[in-house]
Each structure stands twice: as C-alpha cells, then as structure tokens.
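For reference, the structure is listed below as structure tokens.
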Amino acid sequence: MKNNIRFRRNVYIIMLSILIFGIISQIARSDLMLKYVSNDSQTSLGQWQTFQETVTTVSMNIDGGDIAGVDAHCIIYNSEDSLSVSYYNNFEKVYSYLKQPYTVLDTASDELSYDACQAVIMTASIEVLTDSITELEQYIHDGGYVFFSRMDHPGPVFTKLYRKLGIVNYWYVVGNDDIHFTSNLLIGQKDALFTDDFFYNDSISVELDHNSELLAKGKNQTPIAWRYEHGDGAVLVYNGNNLFTKSNRGLVVGAISMLIPDYIYPIFNAKLFYIDDYPAPMSTEERKEIKEEYNRNVATFFKEIWWPDMIKLAKNYDLKYTAVAIEDYNEAIEAPLPKYRQEDLTNLIVFGREVLKTGGEVGIHGYNHQPLQFRQDIADEYDYVVWNSYEDMEASIREVLSYTQSAFPNYNVVSYVPPSNILSAEGRQALVDNWETLRVISSLYEEDPKDFSYVQEFEIADDGIIEMPRITSGYSDSPDMMWLEASVMTAYGFISHFIHPDDMFDDYRSGNKGWGELYKDFEYMLNRMESTYPWLKPQTSGEAAIHVAHVLNSQITREQTDSEIKVDINHFNSNQYFILRSKKKIGRLTNCNVKLIDEHTYLVEATDEHFNIELK
C-alpha cells in the first residue's frame with residue numbers, strides 16, 4: 001500500500017514538473033517576456049554620462065616639441081606636392097589609430113634631420129631629398145628604419161639610392177591592378193591574389209637583391225613591397241603610389257609593423273553583422289523566383305525559409321546580428337505621420353524577439369526609408385523624396401522610437417543605420433535632439449566620390465556619439481569587398497558586414513542568383529572569415545561601440561628593448577587588444593594573454609593598464 005502511494009506521488013510530481021516546464025516555456029515564448037527584456041546595464045544614461053566625462057582628445061603629432069626619447073616616428077612630406085599631402089592626410093589618420101607619436105617634417109620648408117626619429121616615413125618623393133640623402137643613408141646604416149611609401153619615376157636621387165633600397169637593377173614604370181602576397185603583409189593573406197581595377201598602381205620594374213625579403217608582387221612578377229636590411233637598419237619599400245586611400249590603410253599598418261622589429265599596436269577586435277531593413281513590413285506579393293523555387297509568397301518565404309537559414313548561420317558561425325528596423329515604406333515626409341499597423345508591430349515583436357534571443361540587437365533604420373536630408377540631387381539619384389522640414393524629421397524619429405518601445409518597453413535602442421547610408425548634418429542633429437539613448441551611428445567607411453554618403457572614421461564625436469562605420473556588404477564575396485575586409489582587418493582588427501533581406505530581388509546585388517545560391521555563397525564567406533580570423537570577438541553594434549569608444553579614448557605608452565615590451569594604457573576601462581609582430585619567441589607574460597594568429601603575428605589581450613611581454 002505504501003509503495004502504491006509513493007508511486008502515485010512520484011507520478012504527480014513528474015506530471016506537475018512537466019506542467020510547470022510547459023508553462024515556463026510558453027511564457028518564455030510569449031510576448032509577456034518582452035516587457036522584461038532590458039539592456040539598461042550596458043546603456044544606462046548614468047553610465048554613458050560617466051564615460052563622457054573621461055573622453056579626451058590627444059593628438060599623436062608632437063611637431064615642434066622635443067621628440068628625443070619619445071620613440072616618435074618622423075613623417076616626411078612635401079606641402080608643395082598634392083600627392084604627398086594626400087598621403088600625409090591618410091597617414092595622419094593611421095597614426096591616430098596606432099597611437100604612435102610622430103612629428104612632421106616638410107621638405108618644402110624644414111631642414112631635415114633624422115637623428116631623433118625612431119622610424120622615418122617617406123610620403124614625399126625621394127627626388128626632393130637632394131641635400132639630405134647622404135644623412136638618410138647614414139641613418140639607415142646606423143640602425144634606423146625607413147618606410148618608402150611611394151615610388152615615382154626614377155630620377156637622380158633614386159639612381160644614387162636604389163642599391164640601398166635592395167634593388168640591383170631597374171628599367172621603367174609599369175601599371176598593374178594585381179597584388180599577390182608572398183607574406184602576411186596583410187594578416188591572414190599570405191598567398192592571396194587580388195586582381196581588380198580598384199587596386200590600380202604604377203610601379204617601377206625592378207630586380208631585387210637576393211637579400212631582399214619580397215612581401216608582395218604584382219603583374220608580370222613586378223615586386224610591389226619588400227624589406228631590405230642595410231647596415232644595422234632596414235628599409236621597407238612600397239613600389240607604388242596608391243597609399244593615399246582609406247581602402248589601403250592595411251598596407252600602411254602592415255608595412256610599419258613589419259619594418260620595425262617587435263612592433264605592437266592596438267586594435268578593436270570585433271566582428272559585427274548588420275541586417276538592414278529588418279524587421280520591417282513584409283509584402284504578401286508573389287515573385288516568380290520565390291514562387292517557383294519555394295512555392296511561397298514573399299512574406300512567408302522570409303518567415304519560413306530565409307530567417308531560419310539566417311538563424312542557422314548565426315549558430316554555426318558565432319554571429320550576433322544587429323537588425324535595424326523600419327516602421328513603414330511609405331513616402332510620408334510631413335507630420336502628422338501615419339502610425340504603424342498592428343501586423344507590422346507583430347512582425348517586429350516576433351522577429352525582434354528572435355534576434356534578441358540569439359544574443360543580437362535591435363536598432364533603427366528609420367521611420368521609413370527616406371534619408372534624413374534636404375538635398376534634391378540626392379533624392380533624385382535614389383528616387384527618394386526630400387523632407388519638408390527639420391520638425392518633420394524630428395517627428396519621424398519620435399514615431400519610430402515609439403514604435404520600437406511598443407514592442408520592447410524596457411529595451412534601450414542605441415544604434416542607428418542611415419537608409420542608403422545617407423545622413424545630413426541636420427538629420428544627424430535631429431537624431432541627437434530626439435533620441436536620448438542613441439549611442440552609435442553606423443554608416444560607411446569608404447569614400448564616396450559623389451559625396452552623397454555619410455562617410456565615417458572610427459571616432460567619438462563632439463556630441464559624444466560613437467561614429468562606427470560599416471565596412472563590407474553582400475551575400476557573396478567580391479574582389480573589392482574582400483580587399484577592404486583584409487585591409488581593415490590588418491589596420492583595426494575589425495569586421496563589420498551588412499546585408500539586406502531583399503538583396504536577392506536586386507539583379508546587381510544578387511548577381512542574378514536565387515536564395516539557394518546566395519545562401520551557399522554567404523556560408524562560404526562566413527566559413528572563410530572564421531577560418532582566417534577565428535580569434536575575432538562576435539559583438540552587436542552597441543557592444544562594439546562601447547569597446548571601440550574605450551579603445552579610442554585610451555592612450556598608450558610603449559617602452560621597448562630587445563628582450564621586453566612594456567605598455568601602459570591610460571584610461572583603461574576593460575580588456576584591450578593589440579597586434580604584435582615579432583620573429584622572437586614569447587617569454588614570461590605579465591597582465592596579458594598572447595595568442596599566435598598568423599606567422600610571427602600575435603593577438604595580445606591586456607588585462608590590466610600595465611602589461612609586459614618578454615621576448616627571447
């Protein structure tokens with residue numbers, strides 16, 4: 001009898017446990033849980049204000065001061081040469097990210113002296129060095145390091161100097177649009193070949209000394225980059241004239257870090273993936289390419305095919321999506337604006353919840369897809385309309401914020417991506433004035449020759465907003481996107497990629513491929529990224545913005561000997577990351593972790609504001 005009672009009791013306990021588990025599961029899946037979704041611990045106004053009080057702007061340019069003992073590089077440029085000025089403007093940005101002190105010497109006005117330079121960076125033509133070329137040769141011989149970042153048509157100075165550059169013979173200038181890496185000048189790219197017009201370069205046809213270390217070559221085996229030791233010093237030569245562009249900054253950083261032994265520099269170490277126009281109103285129309293392959297209309301295709309595939313990729317490749325929502329696709333540009341439809345709010349709740357459940361983030365793309373700007377030429381180019389007034393822009397921002405808060409009442413939306421990457425100064429101010437929790441704007445990194453796009457650097461703006469550009473886009477690899485990815489990775493340790501759900505409906509963006517092919521292309525891309533950069537930290541836009549801001553706000557001091565590197569970080573807020581290039585073995589570590597990520601290339605994680613690395 002007692003056994004029967006005990007048995008029945010166990011059955012009841014099991015049934016009750018199943019019931020409780022079922023209730024908890026349903027609650028977890030229900031909209032009720034959305035009311036408790038919060039990211040306030042990361043984005044609170046108090047935390048943000050505390051951070052803002054620590055923000056400092058420190059120029060790495062110590063021109064005019066005493067650079068002795070500062071380990072400063074000397075950038076040589078020519079203010080009367082437009083190409084040299086463009087080079088200097090680009091290199092100045094590179095040095096701000098490297099947090100490397102430098103001084104500037106102008107060949108047009110300054111007397112050149114290299115004695116106090118830890119390294120010399122030549123952005124002027126060497127043909128202007130007529131009076132100081134002997135001193136530069138002696139500087140190299142005595143242990144100095146010189147980066148010759150451009151090669152022009154050979155002249156008298158080149159003729160005198162070329163043997164010291166690791167060249168035994170030269171002929172004429174050739175044009176090429178190839179670069180084949182024989183080293184990891186760009187991290188992870190040894191043996192990679194890039195061929196496209198975007199890389200066009202003029203180079204001198206040369207034969208290298210057998211002691212020159214070839215780093216990259218171009219068309220017809222023309223050497224593009226090499227390192228050559230002369231006396232106790234060394235030179236690194238870039239045989240071209242295209243390092244004035246943002247897209248080639250990785251080559252600049254790669255050259256500096258391979259020229260100077262045991263060079264260490266800070267990176268962001270982040271991997272971001274944005275989904276533009278998602279969640280958004282979904283069309284129930286039928287499209288031939290969807291109907292024939294999946295027998296679904298557009299809305300059910302995205303819900304039942306595309307989104308499950310995206311979730312699977314996120315799990316397989318450790319991605320955190322930042323999905324930036326659209327409330328409506330209307331062309332309303334005058335308040336009062338039409339309110340959201342219930343079915344669209346339901347989509348935001350359902351799909352936004354799944355984004356958050358996978359560790360992702362919900363951001364804002366706009367009330368509608370009309371960029372916040374007043375230029376008619378931009379509107380005509382993209383078939384958009386121009387907002388009537390600043391006040392109407394403000395109304396659209398308040399409306400889309402109300403829309404997202406209706407879905408996630410306790411969730412602070414912090415990230416904004418401009419529609420078509422277009423944002424005017426007035427539109428940006430409207431965002432700041434009407435969106436208290438705005439923390440980061442993510443638009444485009446690369447220059448726009450039409451001056452239509454909102455182009456960014458990584459920076460903390462004067463109003464405290466983090467400017468954090470996105471780098472690459474699309475479901476399929478392309479030569480220009482792969483180049484930009486590799487260059488930015490070497491310069492900043494940063495991947496930021498974006499896609500649109502409807503890319504497949506655009507012949508150009510899809511390459512005339514259906515979702516089946518695009519899915520395979522995207523999976524191949526993600527696998528390639530993971531294989532090449534397995535150490536990158538997956539982050540959302542808001543997470544990465546805080547870390548990027550801390551890195552930008554920090555200041556570092558390097559102390560280096562043949563056997564040790566010491567780094568001090570001022571304004572250290574959380575663990576920071578560095579790239580170390582060294583051919584030496586790693587010894588005892590203090591307050592840091594070091595991981596080999598490529599040949600003679602290490603990822604350093606600093607766990608304290610002071611860290612040391614022993615070199616053997």
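The values are calculated or read from the model by the stated rules, or taken from the named source; none is laboratory data. All values reported here derive from a predicted model rather than from experimental measurement. So basically every Cβ, Gly included, is an ideal-geometry build from the backbone, and we count neighbours across all protein chains shown.
Going residue by residue through segment 226-233, is there one that turns out to be of a type in the set (A, V, I, L, M, F, W, C) and either surrounded by fewer than 20 Cβ atoms within 10 Å (Cβ to Cβ) or not assigned by TED's automatic domain parsing to the domain that holds Phe181 (or both)? Lay out the reasoning, then the answer.
The first filter runs over segment 226-233 and keeps only residues of a type in the set (A, V, I, L, M, F, W, C), leaving 226.
Subsequent filtering for residues that are either surrounded by fewer than 20 Cβ atoms within 10 Å (Cβ to Cβ) or not assigned by TED's automatic domain parsing to the domain that holds Phe181 (or both) retains none.
Within segment 226-233, not a single residue is of a type in the set (A, V, I, L, M, F, W, C) and either surrounded by fewer than 20 Cβ atoms within 10 Å (Cβ to Cβ) or not assigned by TED's automatic domain parsing to the domain that holds Phe181 (or both).
Would you confirm, using the coordinates I've provided, whether Tyr114 is more than 36 Å from the chain's Cα centre (by Cα) and either surrounded by fewer than 22 Cβ atoms within 10 Å (Cβ to Cβ) or under 20 Å from Ile256 (Cα atoms) (or both)?
Numbers: more than 36 Å from the chain's Cα centre (by Cα): no; either surrounded by fewer than 22 Cβ atoms within 10 Å (Cβ to Cβ) or under 20 Å from Ile256 (Cα atoms) (or both): yes.
Judged against the criteria, Tyr114 is not a match.
Working only within segment 557-584, note down all residues that are under 20 Å from Gly188 (Cα atoms) and touching a Lys or Arg at 6+ places or on another chain (Cβ under 8 Å).
Residues of segment 557-584 under 20 Å from Gly188 (Cα atoms): 577-584.
If the condition is that a residue be under 20 Å from Gly188 (Cα atoms) and touching a Lys or Arg at 6+ places or on another chain (Cβ under 8 Å), then Lys584 is the only one that fits.
Output the qualifying pairs, or none if there are none: Cβ atoms under 6 angstrom, residues six or more apart or on different chains, first residue in segment 596-609 and under 15 Å from Thr490 (Cβ atoms) and assigned by TED's automatic domain parsing to the domain that holds Asn575, second residue among the basic types (Lys, Arg) and loosely packed, with under 15 Cβ neighbours inside 10 Å.
His600/Lys583; Leu603/Lys595
Could you pull out every one of the strands (runs of 3 or more DSSP E) wholly within segment 526-612 that has 1 or more residues that are buried (at least 19 other Cβ atoms within 10 Å of the Cβ), of a type outside the set (S, T, N, Q) and at negative phi?
Working: elements: 555-560, 564-570, 576-581, 586-590, 592-598, 601-606.
Strands (runs of 3 or more DSSP E) meeting the threshold: 555-560, 564-570, 576-581, 592-598, 601-606.
Is it true that some residue in segment 127-140 is modelled with pLDDT of 95 or more, in contact with a helix residue (DSSP H, G or I) (Cβ under 9 Å, 6 or more places away or on another chain) and not in a helix (DSSP H, G or I)?
No, segment 127-140 has no match at all.
Leu214 - would you say it is under 18 Å from the mean Cα position of the chain (by Cα) and not in a loop (DSSP other than H, G, I, E, B)?
On the way: under 18 Å from the mean Cα position of the chain (by Cα): no; not in a loop (DSSP other than H, G, I, E, B): yes.
It is false that Leu214 is under 18 Å from the mean Cα position of the chain (by Cα) and not in a loop (DSSP other than H, G, I, E, B).
Rundown of residues vs (1) at pLDDT 95 or above; (2) surrounded by 24 or more Cβ atoms within 10 Å (Cβ to Cβ); (3) on the phi < 0 side of the Ramachandran plot; (4) not in a loop (DSSP other than H, G, I, E, B), yes/no style:
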residue	(1), (2), (3), (4)
Val235	yes, yes, yes, yes
Asn241	yes, no, yes, no
Arg249	yes, no, yes, yes
Gly254	yes, yes, yes, yes
Pro261	yes, no, yes, no
Tyr274	yes, yes, yes, yes
Tyr278	yes, yes, yes, no
Ser283	no, no, yes, no
Glu286	no, no, yes, no
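Quick one: in segment 396-406, of everything that is buried (at least 20 other Cβ atoms within 10 Å of the Cβ) and of a type in the set (A, V, I, L, M, F, W, C), which residue is nearest to Glu426 (Cα to Cα)? Break it down stepwise before answering.
The first filter runs over segment 396-406 and keeps only residues buried (at least 20 other Cβ atoms within 10 Å of the Cβ), leaving 396-397, 399-400, 403-404.
Restricting the remaining residues to those that are of a type in the set (A, V, I, L, M, F, W, C) gives 397, 400.
Values: Ile397: 13, Val400: 18 Å.
Here the answer is Ile397.
Identify, from the list Gly464, Gly474, the residue that is among the small types (Gly, Ala, Ser) and over 19 Å from the mean Cα position of the chain (by Cα).
Only one candidate passes the filter, namely Gly464.
Is at least one residue of segment 440-452 closer than 30 Å to Tyr519 by Cα, of a type outside the set (D, E, K, R) and over 15 Å from the mean Cα position of the chain (by Cα)? First the steps, then the outcome.
Of all residues in segment 440-452, those closer than 30 Å to Tyr519 by Cα come to 440-448.
Keeping just the survivors that are of a type outside the set (D, E, K, R) gives 440-445.
Next, from what is left, pick out any that are over 15 Å from the mean Cα position of the chain (by Cα): none.
No, there is no match, as no residue in segment 440-452 is closer than 30 Å to Tyr519 by Cα, of a type outside the set (D, E, K, R) and over 15 Å from the mean Cα position of the chain (by Cα).
How many of the residues in segment 144-195 are under 25 Å from the mean Cα position of the chain (by Cα) and farther than 22 Å from Ser84 by Cβ?
19
Of all residues in segment 354-376 being in contact (Cβ under 8 Å) with a residue 24 or more places away in the chain and over 21 Å from Pro281 (Cα atoms), which is surrounded by the most Cβ atoms within 10 Å (Cβ to Cβ)? Talk me through it step by step, then tell me what you get.
Going residue by residue through segment 354-376, those that are in contact (Cβ under 8 Å) with a residue 24 or more places away in the chain are 354-356, 358-375.
Narrowing further to those that are over 21 Å from Pro281 (Cα atoms): 358-359, 373-375.
Details: Thr358: 14, Gly359: 15, Gln373: 24, Phe374: 17, Arg375: 15.
Checking each candidate, the answer is Gln373.
If you scan segment 420-458, which residues turn out to be assigned to a helix (DSSP H, G or I) and among the hydroxyl-bearing types (Ser, Thr, Tyr)? Don't jump to the end; show me each part of the working.
Within segment 420-458, the first condition is being assigned to a helix (DSSP H, G or I), and the residues that meet it are 420-421, 425-434.
The answer is Ser420, and nothing else.
Please work out which one of (1) closer than 19 Å to Tyr475 by Cα; (2) out of contact with any Lys or Arg (no Cβ under 7 Å at 6 or more places or on another chain); (3) in contact (Cβ under 8 Å) with a residue 24 or more places away in the chain is the condition Asn248 fails and give its number.
Among (1) closer than 19 Å to Tyr475 by Cα; (2) out of contact with any Lys or Arg (no Cβ under 7 Å at 6 or more places or on another chain); (3) in contact (Cβ under 8 Å) with a residue 24 or more places away in the chain, the lone unmet condition for Asn248 is (1).
Please pick out the residue among Asp309, Asp318 that is in a helix (DSSP H, G or I), in contact with a helix residue (DSSP H, G or I) (Cβ under 8 Å, 6 or more places away or on another chain) and surrounded by fewer than 17 Cβ atoms within 10 Å (Cβ to Cβ). Outline the logic, then answer.
Values: Asp318 fails: in a helix (DSSP H, G or I).
Answer to the check: Asp309.
Pick out the one residue from Lys190, Lys164 that is in a helix (DSSP H, G or I), surrounded by 15 or more Cβ atoms within 10 Å (Cβ to Cβ) and either at pLDDT below 95 or basic (Lys, Arg) (or both). If you could, list the steps in order and put the result at the bottom.
Details: Lys190 fails: in a helix (DSSP H, G or I).
Answer to the check: Lys164.
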